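The next block holds one structure in the form of structure tokens; read it before the comments.
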Amino acid sequence: MAGSYGRPMKDLKDLKDALGRIVGPGHVTASQDELAAYSHDATFFPGTADLVVRPGTTNEVAEVVKAIAPTGLAIVARGAGTGLSGGAVPTQGGVVVSLERLGRLEVDAPAMCVVAGAGVVTADLQKEAIRHGLMYPPDPGSLATCTIGGNVATNAGGPSCLKYGVTSDYVTGLVAVLADGRIVTLGGKTRKRSAGYRLAQMFIGSEGTLGIVTEVTLKLIPFTRHRLAVLAYFSSTEGAANAVAAMAAEGILPAACELIDESSLGFVRDLLPATVTSTTQALLLVEQDSNDEPSLELEMKAICKVLKGAGAEKVLVSGSANEREALWRARRAVGARLSERRGFRIPEDIAVPIPLIPEMVRRIKRICAKHEVGIAIFGHAGDGNLHPSLIFEDRSPETLSAVADAAVEIMQEAISLGGTVSAEHGLGGMKNNIAANEMGEDQVEIMSAIKGLFDPGGILNPGKVLPTSADPRAHLLAAISAWEEPAAPGPSEATE
């Protein structure tokens, strides 16, 4: 009898026993149900783990890696499984190293930083920071379930990153386990550091292909006491996109600026104010914050003026915390509602320079119309990050081919406009091939050399980030072919 990728069960049992001696037998499993649960993220990108191990400390992670490395099995680090690019999927079998037990969370208020284990849930970290009068701005849509380790692995973003920056802007230090089991400590609580290469930054966005990040030091900033939000109504998605570009042209930098197009609106209309009627074709949710209330009110007036001048049919300001939270619940529910619908979807994650957002919206619609593929567009439009979701009703070969073609063309158009195929979801195993067109041969060669230096045996999350095929459709087709039609709720709580 053999494991999922032809490994003899006796060898797997010996490894399982060895890992059990490191982490405790209750934290390593070969149960088929648990293997299935840890073998996919929110994409159903196909993969099957041979074993799952849940270490509780950095030292245990290091010993686990040392035990696995001689076998040549793949080692795939995993957070909460909310990823949308197949990044934490064991596509070549091997051992999934779940970091869920790494829960250290210590705020150092005087130093304005926090030390967090890779398994700390992002929302829990944010709440703890607020308790000390501080805040950690990056807020991915799945913040209620995603973990800091996963955020670092993909350089996660979110709505607040328009004004405050993404995960990499807050990492001042980290601890990582290398492919040979060595533990490296890079950086620390110091905010400024100019001693040598910035090695810590290399692990951010590397999706566990260079090492396993077990602990992160993140800078915090003072909590902003006052917030206002405005909901702007538009007669077209293009009009809303033009308004985003208009705000940028006026030098306005809001805390967040979110777009919801006409297709997305249909899925969350029950969560929005009654004034959002069937004639509303697109919304912009714009939020601004400040510690000076009079200044905030002046800034919001300027935002409303630009939105109206850019064609907003109606502009409603929500000042109370309850009103704003209701609007954000609706925005954050878009991805989940789309996942729960009967049928299928492929969530994309492109970004283009801010002035080119309207053009990118037009191109997305043109591509989807050409291939007869449904489209819903939403996302963090303020910084050019759009999440066009391709929606389709069947998985016939013709439909799957059309969806794959549309997805590739959308990403190619983003590249042609000077943008990226992944703004905050990472490349994983779904976008690594198409990303080669964005990076170019020289960058791929340099990245391959770095991978070889950190992981000469190629055991850390193989098949991810770096391209494995010249065919940009290959992995996309594998993903959408394996996508399962959900019986609500959807495959995970991941949202965009």
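Overview of values
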| read-out | value |
| --- | --- |
| Under 17 Å from LYS305, Cα to Cα: aspartates and glutamates that are on another chain or at least 8 residues apart | GLU250, GLU287, GLU297, GLU313 |
| Dipole axis of the chain (+1 Lys, Arg; -1 Asp, Glu on Cβ), positive-most option in ILE434, TYR233, ILE459 | ILE459 |
| Formal net charge of residues neighbouring ARG269 (Cβ-Cβ distance under 14 Å; K, R +1; D, E -1) | +1 |
| Given (1) 22, 49, 27, 2; (2) 24, 52, 23, 1; (3) 24, 56, 19, 1, the label whose value is P(r) over Cα pairs in 20 Å bins from 0, in percent derived from this model | (3) |
| Dipole-positive endmost among ASN242, PHE223, ALA109 within the chain (Cβ charges, Cα centre) | ALA109 |
| Whole-Hz couplings from phi, Karplus 6.51/-1.76/1.60, listed for region 148-156; x for Gly and Pro | 4, x, x, 4, 5, 4, 10, 6, 4 |
| Nearest 10 degrees, 0 to 90: helix 432-454 Cα axis against the chain principal axis | 40 |
| Relative contact order of region 364-407, pairs being alpha-carbon contacts under 8 Å that are 6 or more residues apart, as % | 38 |
| Mean Cβ count within 10 Å, highest first, over the residues of peptides 465-474, 439-448, 23-32, 350-359 | 350-359, 465-474, 23-32, 439-448 |
| Rounded tilt (10° steps) of 357-371 against the dominant C-alpha axis of the chain | 70 |
| Dipole magnitude of the chain, debye to nearest 20 (Cβ charges: Lys/Arg +1, Asp/Glu -1, about Cα centre) | 740 |
| Whole-Å distance, taken between Cα centres, linking region 78-137 and region 438-473 | 25 |
| Residue-wise HN-Hα coupling along region 214-222, computed from phi with Karplus coefficients 6.51, -1.76, 1.60 (Hz; x: Gly, Pro) | 10, 8, 9, 9, 10, 6, 10, 10, x |
| Angle in degrees between helix 122-131 and the longest Cα principal axis of the chain, rounded to the nearest 10 | 70 |
| Cβ-defined net charge surrounding GLY211, 13 Å radius [Lys, Arg +1; Asp, Glu -1] | -2 |
| Antiparallel content of DSSP bridges confined to region 9-98, in %, to 5 | 20 |
| Cα shape, region 102-168, gyration tensor, a/c 1.5 rule | oblate |
| Candidate lysines for bridging to LYS189, where Cα separation is under 28 Å - those fewer than 8 sequence places away on the same chain excluded | LYS127, LYS163, LYS219, LYS451 |
| Residues ASP261, ASP169, sorted so that the one with the fewest Cβ neighbours within 10 Å comes first | ASP169, ASP261 |
| Total formal charge among the other residues, if their Cβ is under 12 angstrom from that of ALA436, Lys/Arg +1 and Asp/Glu -1 | -4 |
| Karplus-derived HN-Hα couplings along region 383-389 (A = 6.51, B = -1.76, C = 1.60, θ = phi - 60°), whole Hz, x at Gly and Pro | 10, x, 8, 10, 10, x, 9 |
| Cα lying deepest toward the dipole's positive end in the chain, options ALA36, GLY141, GLY319, charges on Cβ | GLY319 |
| Nonlocal amide H pairs with GLU496, under 5 Å, H built at 1.01 Å | GLY335, ALA336 |
| Mean separation of Cα contacts under 8 Å (6+ apart) over length of the chain, as relative contact order % | 17 |
| Total charge dipole magnitude, region 9-98, about the Cα centre, Cβ charges on Lys, Arg, Asp, Glu only, Debye to nearest 20 | 100 |
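Every read-out reported here was derived from the displayed coordinates using simple, explicitly stated rules and does not represent laboratory data. Predicted model only: the values in this text are computed from it and were never measured. Every residue, glycine as well, gets a Cβ built from its backbone with ideal geometry; the counts of neighbours run over all protein chains shown.
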